1. I'd like to check something: does segment 87-100 contain any residue that is at pLDDT 95 or above and open to solvent by 70 Å² or more (accessible area, probe 1.4 Å)?
2. Considering segment 53-76 alone, what residues qualify as being under 19 Å from PRO98 (Cα atoms) and within 13 Å of the chain's Cα centre (by Cα)?
3. Within segment 75-86, which residues are in a loop (DSSP other than H, G, I, E, B), out of contact with any helix residue (DSSP H, G or I) (no Cβ under 7 Å at 6 or more places or on another chain) and open to solvent by 50 Å² or more (accessible area, probe 1.4 Å)?
4. For segment 1-74, please list each of the strands (runs of 3 or more DSSP E) lying entirely inside it that holds at least 2 residues being open to solvent by less than 60 Å² (accessible area, probe 1.4 Å).
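The values are calculated or read from the model by the stated rules, or taken from the named source; none is laboratory data. Treat the numbers as computed from the prediction; the structure is a model and nothing was measured. Glycine gets a Cβ as well: all are built from the backbone with ideal geometry, and neighbour counts include every protein chain shown. Areas reflect the complete protein model, heavy atoms only, side chains present, ligands, DNA and RNA absent. Shrake-Rupley method; radii C 1.70, N 1.55, O 1.52, S 1.80 Å.
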Amino acid sequence: QVQLVESGGGLVQPGGSLRLSCVVSGSIFRIATMAWYRQTPGKERELVATITNGDNTMYADSVKGRFTISRDNAKKTVYLQMSSLKPEDTAVYYCKLPWLGRDYWGQGTQVTVSS
């Protein structure tokens, strides 16, 4: 059984920082590519960043230079360090683990950027 649990969201002022965490249960974490997505009401879920088991990363243009994805295989955790946050970064952030044709999602964590 694969379960993902996100944490670390909250309210932050523009220009501030937050670090999101996603803890994964199950033994496949070490070999899985992990991803962070975000979603705002009325819009489709948007890919934010991915990291492979070899630590290769990819970022959406909207977050390049501001967000950093990383992973700790010993802790089965993937992180999203978010800096220079903007109001348009406000969303529910989800982590995803794709495996054998199925996507496993966490419950999401709300990030609100507002003064």
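1. Scanning segment 87-100 turns up at least one residue that is at pLDDT 95 or above and open to solvent by 70 Å² or more (accessible area, probe 1.4 Å).
2. Taking segment 53-76 first, the residues under 19 Å from PRO98 (Cα atoms) are 53-60, 69-73, 75-76.
Passing the criteria: THR57, MET58, TYR59, ALA60, ILE69, SER70, ARG71.
3. From segment 75-86, those in a loop (DSSP other than H, G, I, E, B) are 75-76, 83-86; that's our starting set.
With the extra rule that they be out of contact with any helix residue (DSSP H, G or I) (no Cβ under 7 Å at 6 or more places or on another chain), the set shrinks to 75, 83-86.
Correct list: LYS75, SER84, LYS86.
4. Details: elements: 4-7, 10-12, 18-24, 34-39, 46-51, 57-59, 67-72.
By residue number, 4-7, 10-12, 18-24, 34-39, 46-51, 67-72.
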